[in-house]
Each structure stands twice: as C-alpha cells, then as structure tokens.
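Data block below; observations after.
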Amino acid sequence: MSIALPDLTPEQEVTLLAENFERSYPHEIIAWAAMRYGAGLAVATGFGPEGIVILHILSQVAPQTTVFYLDTGLFFPETYQLRDQLQQKLGLTFTQVTPSLSLEEQEKEYGANLWETNPDLCCRLRKVIPLRAYLATKQAWVTAIRRSQTTQRAHAKAIECDKTNGVVKINPLINWSQEQVWTYLHLFELPYNPLHERGYPSIGCAPCTRPVAQGADPRSGRWVGHQKVECGLHVPGDGG
Ligand code: SF4
C-alpha cells in the first residue's frame, strides 16, 4: 500500500526539509544535497574556518561537487596561499568567480578605493552581482554561515529558499558554535589562515579587515568605521 503525499509547493518542501534537517549532522545534509541536486549544486567558500569544515566534509562525502569562491581580487596573500593548500590537501578543485569589472575599471568608473567611499556598492559589484550570475546556472548552493555569527543570520534555517538568487540555500553548520568549528579543525589537523593567530578572527578583503582586541566581537574588525556587518551575500533582497 502506498501513501499518497499531498502536492507541495517548492517553498513548502523546503520548509519541511528545514525542519527535518534542523538537528542533522552537516555530513548528512551535505550528502543529501549532493544526491538531490547533483551537478546543480555548488558549494561556496571564502576559506574561513567554517568553510574549511564544510570543504573537509565535502571531500569525504561528495568530492565531485563544484566548489567556488568569489575572488574580489582583494584577498590577503595568506588567503590565496590557504586556497592552494586546501586544494592540494583535500583533492578539491575550486572555481574562481570574478567580478565583471577589474579593479582598474572599477576605479575609473567609481573612483579610487570604493571600499572606503561606498563599501555597499563595492561589495555589490565584487561579490553580490557575480554570485547571482554564477548561481543562475545552479539549483542550490551550500554556505558555511552559523546563526550566532550576526543578528542577520540568527534566524537562518538549515535549508531555505534563496529568493534573491532563485535557488535553494543550504546551511549545514547553522547550529554550530565557534568552539565546535575550531575543535573540528584541530581534530582533523586542517590548515587555516595564519592571520587568525594575529588577531583576525573574521577575514574578508584586505582593505576592509582589521585585527580586533581579544574577546571583542569576532566580526568587529570588518568594515571598521562603517555601519556595515554583512557583505550582502546572506541578506535577503540585497541582490544588486
Ligand atoms: S569586503 Fe571591502 S573590498 Fe571586498 S568587496 Fe566588500 S567593500 Fe569591496
């Protein structure tokens, strides 16, 4: 005897999945996503500690999955070195997604150091718009956000409808604490950005990242002097 399930809208399906996966291990969520979406799935990374946990799990459960990073052209040299180290250690290949404007073209059009004069526009040009263009070819993406990182992320679900980009968004580490992330990295002896040991708990583009005092909000070194705590990748409706 088969049980007939009611027809669900994509939003209803995602709501049910989010409830199901609320207490699942990241391994289960990532393995499910790889099976469900196949080549339509892409994993985003910015090479932060959380991203490295995701990449390590991915290398075990679905190493064929596409991994991409949004290369603003403004990372610290240490971040590019870490990228190469991770590719080699985990056997993954990272797809570089770049903005349509080079840094020189951006300066010509919008003036020098746009990250100082208008960081929202700079993030939109160098991150948000390239992400949207890249995800137009995908069905779902995996991120490494955690609820406790920012107030904007506090209500995120393990699986969500990303209406801005028109895809499903999967957040396998949503319930993890910062301590769990670091325990995992040390347990599996994974490489991480050496800047974390020099006072940079959260690392983005070099012009917008400062070291913070011990015990300060880990993201307080990002966009210092601006009322900005997110680059816009995880803010609904901020799609450029
Ligand atoms: S983090 Fe700073 S440099 Fe990087 S894209 Fe945003 S504003 Fe521009």
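Read-outs throughout are calculated quantities, based only on the coordinates presented, and are distinct from any laboratory measurement. Everything numeric here is computed off the predicted structure, so don't read it as measured data.
Some points to look at:
- Axis angle, to the nearest 10 degrees, between helix 10-21 and the longest C-alpha principal axis of the chain: 90 degrees.
- Across all directions, the average flat footprint of the convex hull enclosing the Cα atoms of the stretch 165-234 is 6.4 nm².
- Helix 77-90 and the longest principal axis of the Cα set of the chain meet at an angle near 30°.
- Angle between the chain longest axis and helix 49-61 axis [Cα atoms, degrees, rounded to 10]: 40 degrees
- Translational diffusion of the stretch 109-195, estimated by Stokes-Einstein from the Kirkwood radius over alpha carbon pairs at 20 °C in a medium of 1.002 mPa s, is 139 µm² per second.
- Under the criterion of Cα pairs below 8 Å and six or more residues apart, the relative contact order for the chain equals 23 percent.
- Calculated from the alpha-carbon coordinates, the chain shows an Rg and a Dmax of 18.0, 68 Å respectively.
- The lysines within cross-link reach of Lys108, meaning a Cα-to-Cα straight distance under 30 Å and a gap of 8 or more places when in the same chain, are Lys127, Lys228.
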